[in-house]
């Protein structure tokens, strides 16, 4: 996994620099998300790893599947990836690009999972508190998971705050078994 990230990083940074220069971060994010989904398909994986196809043939096939969703620079980027046999890295490239985009825009995706539905008033207060603490714009999504029993799990980037009853019971059981 670490190797894929290491290989994908320069491509994600290059795409980000181009998108930033064009003021087209959203457009590039959408293009990379689409290409990541295409690259993740089983049938496309067989084409990408086929030794009988040239890099140009693979690129043409890939670009053909994506259709008009790729602009000229996006197509050139796919050709470069195909030439270097890196199209398989598109899911990682897309994820890294979105992280760079969020950092540039000073925003973070936050997911709050609760045992019961929370009101928009409560979620608004949580968003404000997180905005103050993380010093970023918050893009909040909520989810209900009744197996938590009570409390909540908050995921903001790499940070996870587990204050669920299920989490606390697991920690208690773990400490009793040690």
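Any read-out appearing in this document is the output of simple, stated calculations on the displayed coordinates, not a laboratory observation. Just so we're clear, the structure is a prediction, and the values are computed from it rather than from any experiment. As a convention, Cβ positions derive from the backbone with ideal geometry for all residues, glycine included, and neighbour counts pool all protein chains shown.
Computed values, structure above
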item: Simple spin-label estimate for residue 127 and residue 141 in nanometres, 7 Å along Cα-Cβ; result: 1.5
item: Computed lengthening from residue 178 to residue 55, 0.36 nm per intervening residue step minus Cα-Cα distance; result: 38.8 nm
item: Extension gain from residue 170 to residue 7, taking 0.36 nm per residue of separation minus the Cα-Cα distance; result: 55.0 nm
item: Among beta bridges that DSSP assigns inside the chain, antiparallel share in %, nearest 5; result: 55
item: Taking 121, 71 and counting other C-beta atoms within 10 Å, the order from fewest to most; result: 121, 71
item: FRET efficiency for residue 109 and residue 163, using Cβ-Cβ distance with R0 set to 25 Å, rounded to 0.05; result: 0.80
item: Angle between the chain longest axis and helix 165-177 axis [Cα atoms, degrees, rounded to 10]; result: 80
item: (1) 10.0; (2) 13.9; (3) 15.9, with the label sought being that of the calculated mean projected area of the Cα convex hull in nm²; result: (2)
item: Extension gain, residue 117 back to residue 42 (0.36 nm per residue minus Cα-Cα distance, nm); result: 23.3 nm
item: Acute angle (nearest 10 degrees) that the helix 90-104 long axis makes with the longest principal axis of the chain, alpha-carbon atoms; result: 60
item: With Cα atoms, 0 to 90° folded angle of helix 2-22 axis to the chain main axis; result: 80
item: Mean Cα-pair separation over length for the chain, i.e. relative contact order, pairs under 8 Å, 6 or more apart, %; result: 20
